[in-house]
Amino acid sequence: MRANPIPETPDQTNPDSGGVAEERLLETRVQKAANLRARGIDPYPARFKPTVTSIRAVARLEAREAKLGEGAKTRSVTIAGRVMARRGMGKAAFLDIKDADGKIQVHARQDVLGADFAILDDLDIGDIVGVKGPVFRTRRGEPSVEARSFTMLTKAVRGLPDKWAGLQDIEKRFRQRELDLITNDRSMALVRTRSAIVSAIRRFMEKQDFIEVETPVMVNVAAGASAQPFQTHHNALNRDLYLRIATELHLKRLVVGGIDRVFEIGRIFRNEGIDAEHNPEFTTIESYQAYADYNDVMQMVEDLVSSVAQSVTGSMIIPSLNESEPDIDLTPPWPRLDLRTEIMNRTGIDFLNENEVESLSGAMRERGIHVEDGLPWGRLLDKVISAEVEPHLIQPVFLVDYPTEMSPLAKHKPEDDRIVERFEAFAIGTEFANAFTELNDPVEQRKRFEEQERLRQSFGDDEMDRLDEDFLVAMEHGMPPAGGLGLGIDRLSLLITGERSIREVIAFPQLRRLD
RNA sequence: GGUCCGCUAGCUCAAUUGGCAGAGCAACUGACUCUUAAUUAGUAGGUUCUCGGUUCAAGUCCGAGGCGGAUCACCA
């Protein structure tokens, strides 16, 4: 055992760098790395090749046991992973090693390991190591790698959170997600599930002959949705640019160009509040399909969501994570509820009658719905939906046929220009998809945008959709009839994982910086 | 943005009415060759989120602020 020098006077030069105790813990481990170097051992070697993962190593042992019976040993394997626990017994030690697949125990004995055993003097929980040797089963039945050689792969100079309780502090879990992943299996599972969801979506779309594209994130006009954009600046062009708030308009231009089935999975940015359902950057899939209408898209959405759930979780029924909420059954078909009827049933308000700001806001006040002054009609009605209808939509459902004024990019019904062919998909009280039969009449599209601009002027509402001249010119060249979809991947991940906070399904959610 | 709740050792948590800030894990010095929350003897570790106030005395009470959570408002 070598003595680790403890600083006689704590470092006062940088009082913000953490407590003295923390500094000392770090210093101790840095010293251990130096100890290894002094003995000619690189604590950060560049290469190491494991031959099996923990799970495969155990599988090999089981196969061997099936053939040879109890007491069987495999041929030598090589594993690598992080030391999660350590039980030392003088001239022997047990280590729990965690890799990408799971955990396996390592048994290190001085007589077996020889010189490498001395590495354990400078080993800490949290270090990443490589171990080579046969897999056997201990007397207590634990599959274990009998260490014949032992390699330090990465000396960690900070310790892990509590080995039993893990990292519990919610704020730390989000700010230091890597520690959350190391110690909390649920967090790792959520990252993997989200990845599987995106992968399944991509396979679903490709199977239906959609092609995936990438369109600009930085745009001259943040159009295609109602939201405030983030602003940035390009120095060489000396132009202000915006981060996109939707991928819609570029994708439609690709449909004009002849890509009949197109989709993009991408990040969009909305300069708005942050809460359990909103992160300022979030991921959507938007798709556009020529010669389809919103009924086709509706069917695609329920097929997509249910089959993604099936392939990711093995079931279309998502079990509730707590007693107070029901399981969610994603099995298609989902009910199609007429929006106007649904609002009337919930509130008695008929949006075709209350078609002026005054009458609608009056009706809302009568119903006890808080009305903010200065909002245009469409935003008011949106509020009625989100306050009075949306919270009741727990099982998956489509709300169908929206007012034209709140849907500037959707085609109106053939028999009624006050209503557009649009639906939104809801579950767990939250909207997760929005789709319509796309408006492709360029003259009407221009009129609708101009109306949005007029509303923006008169209401001073920064969130109205904006007029994008490049898009309008494209439409003037003719876009085939098409059905379009926007679906929130984060929201879908909430639905499929059973989580209720978007921060749980985003690896690094936006948080206020610590100063 | 409003309201409520939380912030104590590296991690997980205690601390009675305002009365000496404590435990487990991790760490450090030892013992220990089949343990698995190993066992075992000892040691060290604190700006109780920050600033101010009340008080003989503040982790605890009051005020302001920071960060987070829940909820309402707004958005997807």
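The values are calculated or read from the model by the stated rules, or taken from the named source; none is laboratory data. None of the values given here were measured: they were computed from a predicted structure. Using ideal geometry, Cβ is built from the backbone for each residue, glycine included, and neighbour counts are taken over all protein chains shown. To get the accessible areas, we keep the full protein, side chains included, count just its heavy atoms, and leave off ligands, DNA and RNA. Shrake-Rupley method; radii C 1.70, N 1.55, O 1.52, S 1.80 Å.
Points to keep in mind about this one:
- The solvent-accessible area of A:Phe150, taken with every protein chain present and a 1.4 Å probe, is close to 10 Å².
- Theoretical ellipticity at 222 nm over chain A - DSSP helices of four or more residues, -39500 (n - 2.57) apiece, nearest 500: -10000 deg cm²/dmol
- Cα centroid separation - region A:478-504 against region A:241-265, whole Å: 16 Å
- Residue (of A:Ala63, A:Ala100, A:Thr78) at the positive-pole extreme of region A:44-160, dipole from beta-carbon charges: A:Ala63
- Under a 5 Å amide H cut-off, with hydrogens placed 1.01 Å from N, A:Ala227 pairs with nothing among residues at least 5 apart or on other chains.
- Sorted largest first by accessible area at a 1.4 angstrom probe radius, with every protein chain in place, the residues A:Tyr242, A:Tyr402 fall in the order A:Tyr242, A:Tyr402.
- Anisotropy class of region A:44-160 from Cα gyration tensor, a/c 1.5 cut: prolate
- The slack between A:Ser149 and A:Gln168, meaning 0.36 nm per residue of separation minus the straight C-alpha distance, is 3.3 nm.
- Separation of region A:158-178 and region A:380-443, taken as the distance between their Cα centroids, equals 42 angstrom.
- Cα centroid separation, region A:307-347 to region A:19-78: 46 Å.
- Three-way shape call for region A:237-301 based on the alpha-carbon gyration tensor, with the a/c threshold at 1.5: oblate
- Helical segments meeting 24 Å axial Cα length and Kyte-Doolittle 0.0 threshold in chain A (DSSP H): A:294-313
- By the compact-protein rule of thumb, 2.2 N^0.38 Å, the alpha-carbon radius of gyration of chain A corresponds to a ratio of 1.25.
- A:Ser324 accessible area, assembled protein chains, probe 1.4 Å, Å²: 100 Å²
- DSSP bridge pairs, chain A: antiparallel proportion in percent, nearest 5: 90 percent
- Accessible surface of chain A [probe 1.4 Å, protein heavy atoms]: carbon and sulfur percent: 49 percent
- Cα gyration tensor shape for region A:139-184, rounded if a/c is under 1.5, else prolate or oblate: oblate
- Accessible area per residue for chain A, computed on protein heavy atoms with a 1.4 Å probe, is 50 Å².
- The length gained by stretching the chain between A:Ala507 and A:His370 to full extension, at 0.36 nm per residue less their Cα-Cα distance, is 45.8 nm.
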